[in-house]
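Each remark here refers to the structure printed beneath this line.
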Amino acid sequence: MTGNFLHHRLADPHNVHKHAMRQFEMNHLGGHAKVEEQKKKKQSALKLQSAVLDTGEKPPPPVHDLAGLSCSDHGGPSDDLAKEMIYWSDIPSDDAFVSPIGANSKKRKYLTFEPDGGGFNNIRMSMETMIVMAHAMSRTLVMPPSQGMYLLRKGSGKKHFSFDDFYHLEQVGYEHAGLHVISMEEFLKTEAMTGNLFNKTTGDAAFPPNNRTNWDGIDPKPLKEYLRDVTLTPLNWTPGSCLVAFPSDDGPEHFAELDEMMKEVNANFPRVQEFVNKPVPVNAPATERLREAVAGQVKQLCVYDEKMQDAPVVHFMCYHKMRVRFLTHFYAFLFFESWEQDLFNKRFVRDHLRYADEIQCAAARVVAAIRDRARRRDPTGNPNGDFDSFHIRRVRRRVSVDEVNILRFFQYKATRLEADQIYENTKDELQEKATVFVATDHQGKPFFKPLADHYDLVFLSDFKEELKDANTNYLGMIDQLVASRGRVFFGCFHSTFSGFIFRMRGYHSQKEKVEGWDQGILPKSYYYSGKHEKSIYQSYGPLRTPYFSREFPISWRDIDKGVEELSAFGV
């Protein structure tokens, strides 16, 4: 099949008819029933949760109002104050969507992965990619056991963490028809201890080290080595060297079509500059979207071929010595021929891979307190309590990555500015004497004096009453959420911590329809490090390497388009 045919695939009468039939089924037959079933499932769980369970049986997963945020069980604030944190939605048809790839497999297959060895936001980025891939492959997602995470061992409390400590993953897996989530312990009991996993070298059944199935809080290195020995581990799937592409239909012939599409793109390889301030429509034909996705950077696809599809378990490593690491954004590494499925995944991450309610509510309390402070300082000129925000990264610390200790002072020297230089770079966008919140890992307030001379600076440490019951390991996430609500925000270039703040501001911009939202522009979001980076969010910027260094508008721009089309596509 030629690339030209693929380019006009949606115009093919057969495909138009098939799409129309899916839409009819969604609206009038099984698809509508599928959405209604999801609604009933949630309502049933709510009833069970409110009942007193005298039988001793395990209750269903907690049900959260995914479209809202109620903090009554988390120490406040009121729903009216908490609602400004909400950038997410609850879309029933998204809950019912099932990927076309592998959906008809009669045998359960799994995706396992190793968390990134860096800071929490690097871990988050890798996790997002793994969850989206599990859904796209129709594989059961096996969550890693709880373990120590870099910098998340503060205080005398908990030292080991799972992703459920920060996200409502159990609930997400429960609600989504296309995503099944289990623990590592359940996986090992179900597959490893029953002799279903085999050593790749000897072909013999292999069991976990010491027949252990519960690895929570235990050194994960032996488990990692075991999983690498008994699973298919695609070492050539590396961000920046290839793009993982999924067709809109199952079967090897459809994956071959994607290769033809890539050949067509390579025949006239695009440059990044072609797409600056010229975003491709989110519902454009696949070839046009592929051109923007690879522009000037990636010239080959990572193919989910028959060998990988047949593998009972696909395992993704994180091993820095081999340069195997998923330090990338899911939307920069994964491409979907169907624009409906592409936007579904972006909404899925926005709506469900958000910080848990406890964290959101703690941030909402701080935001309310800052607004009250700003309002009291200028009740006439600032009745809404607007404040501005920074993320300033400075700290020098010893870190451990894959058991290799290195001494690191935030590695990008161009971002390590003194406070007086930060003031000079940012003063034109800020109002003198304004209230400014600073998210930072720098502990000494004297460093910030050049800024404090001009602004009413506040830090998370100034809100001990609002955070008296907050887990200290949540403070970094709370910092991000608070900073995301600033009227003007200045972040640190190359920081994935700042990056996620920009992405959340992008989500808010789409909901609030701020100036430039249709182009993905963030008119009051900047970097403080210098002239070149300062205003990159003031225009549409296409993907460019290194992807991790910033976020891109393609992750939030117009992603709510096509919800109805997706409903038909997924049935």
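Is it the case, given these coordinates, that Ala363 is under 26 Å from Asn473 (Cβ atoms), touching a Leu at 6+ places or on another chain (Cβ under 6 Å) and touching a residue at least 60 places away in the same chain (Cβ under 8 Å)? So Ala363 passes the test. Out of all the residues in region 445-456, is one or more at pLDDT 95 or above, crowded, with 20+ Cβ neighbours inside 10 Å and not aliphatic (A, V, I, L, M)? Yes: region 445-456 contains one or more residues that are at pLDDT 95 or above, crowded, with 20+ Cβ neighbours inside 10 Å and not aliphatic (A, V, I, L, M). Which of the residues that make up region 304-322 are more than 22 Å from the chain's Cα centre (by Cα) and under 19 Å from Thr129 (Cα atoms)? If the condition is that a residue be more than 22 Å from the chain's Cα centre (by Cα) and under 19 Å from Thr129 (Cα atoms), then Asp305, Met308, Gln309, Val313 are the ones that fit.
Number of residues in region 468-480 that are over 19 Å from Ser389 (Cα atoms) and aliphatic (A, V, I, L, M): the value is 1. Each residue in region 539-571 was checked for being open to solvent by 40 Å² or more (accessible area, probe 1.4 Å) and modelled with pLDDT of 95 or more, and 3 pass.
Yes/no matrix, rows are residues, columns are (1) under 21 Å from Glu191 (Cβ atoms); (2) free of Cβ contacts under 8 Å to residues at least 24 places away in the same chain:
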site	(1), (2)
Ser78	no, yes
Asp90	no, no
Arg108	yes, no
Ser126	no, no
Thr129	no, no
Thr140	yes, no
Ser146	yes, no
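Checking each residue of region 464-481 against the condition of being closer than 22 Å to Ala419 by Cβ, touching a residue at least 40 places away in the same chain (Cβ under 8 Å) and not in a helix (DSSP H, G or I) gives no match. When the residues of region 144-171 are filtered to those that are within 18 Å of Phe330 (Cα to Cα) and in contact with a helix residue (DSSP H, G or I) (Cβ under 6 Å, 6 or more places away or on another chain), the one that is modelled with the highest pLDDT is Phe163. Does region 220-245 hold any residues that are open to solvent by 40 Å² or more (accessible area, probe 1.4 Å) and among the polar types (S, T, N, Q), and which are they? Of everything in region 220-245, those that are open to solvent by 40 Å² or more (accessible area, probe 1.4 Å) and among the polar types (S, T, N, Q) turn out to be Asn236, Ser241.
If you go through region 488-510 and keep only what is of a type outside the set (Gly, Ala, Ser), under 18 Å from the mean Cα position of the chain (by Cα) and farther than 12 Å from Phe548 by Cβ, you end up with Ile501, Phe502, Arg503, Met504, Arg505, Tyr507, His508, Gln510.
Only one of the numbered conditions (1) touching a helix residue (DSSP H, G or I) at 6+ places or on another chain (Cβ under 9 Å); (2) at pLDDT 90 or above is violated by Ser138, and that is (1). Against the test of being within 22 Å of Asp462 (Cα to Cα) and aromatic (Phe, Trp, Tyr), the options Phe316, Phe390 yield a single qualifying residue, Phe390. Being open to solvent by 50 Å² or more (accessible area, probe 1.4 Å), modelled with pLDDT of 90 or more and in contact with a Gly (Cβ under 8 Å, 6 or more places away or on another chain) is a property that holds for His180. All told, Leu430 falls short of being touching a residue at least 12 places away in the same chain (Cβ under 8 Å) and either within 15 Å of Ala363 (Cα to Cα) or under 27 Å from the mean Cα position of the chain (by Cα) (or both).
Kindly indicate whether any position in region 191-212 is within 30 Å of Pro92 (Cα to Cα) and touching an Asp or Glu at 6+ places or on another chain (Cβ under 8 Å). No, region 191-212 contains no residue that is within 30 Å of Pro92 (Cα to Cα) and touching an Asp or Glu at 6+ places or on another chain (Cβ under 8 Å). Put simply, of Ser498, Ser509 the only residue that is within 21 Å of Ala419 (Cβ to Cβ), polar (S, T, N, Q) and assigned to a helix (DSSP H, G or I) is Ser498.
Close contacts from region 223-241, counting a first residue that is on the phi > 0 side of the Ramachandran plot and a second that is surrounded by 16 or more Cβ atoms within 10 Å (Cβ to Cβ) and not in a helix (DSSP H, G or I), with Cβ to Cβ under 8 Å and a gap of 6+ residues or different chains, come to Gly240/Gln297; Gly240/Val298; Gly240/Thr328. Restricting Gly203, Gly195, Gly217 to residues that are among the small types (Gly, Ala, Ser) and open to solvent by 40 Å² or more (accessible area, probe 1.4 Å) narrows the list to Gly203.
Listed conditions (1) out of contact with any Lys or Arg (no Cβ under 6 Å at 6 or more places or on another chain); (2) crowded, with 19+ Cβ neighbours inside 10 Å are all met by Pro270, apart from (1).
The values are calculated or read from the model by the stated rules, or taken from the named source; none is laboratory data. Since the structure is predicted, the reported quantities are computational estimates derived from the model, not experimental observations. With ideal geometry, Cβ positions are generated from the backbone for all residues, glycine too; neighbour counts draw on all protein chains shown. Note: areas computed on protein heavy atoms with side chains; ligands, DNA, RNA excluded. Shrake-Rupley method; radii C 1.70, N 1.55, O 1.52, S 1.80 Å.
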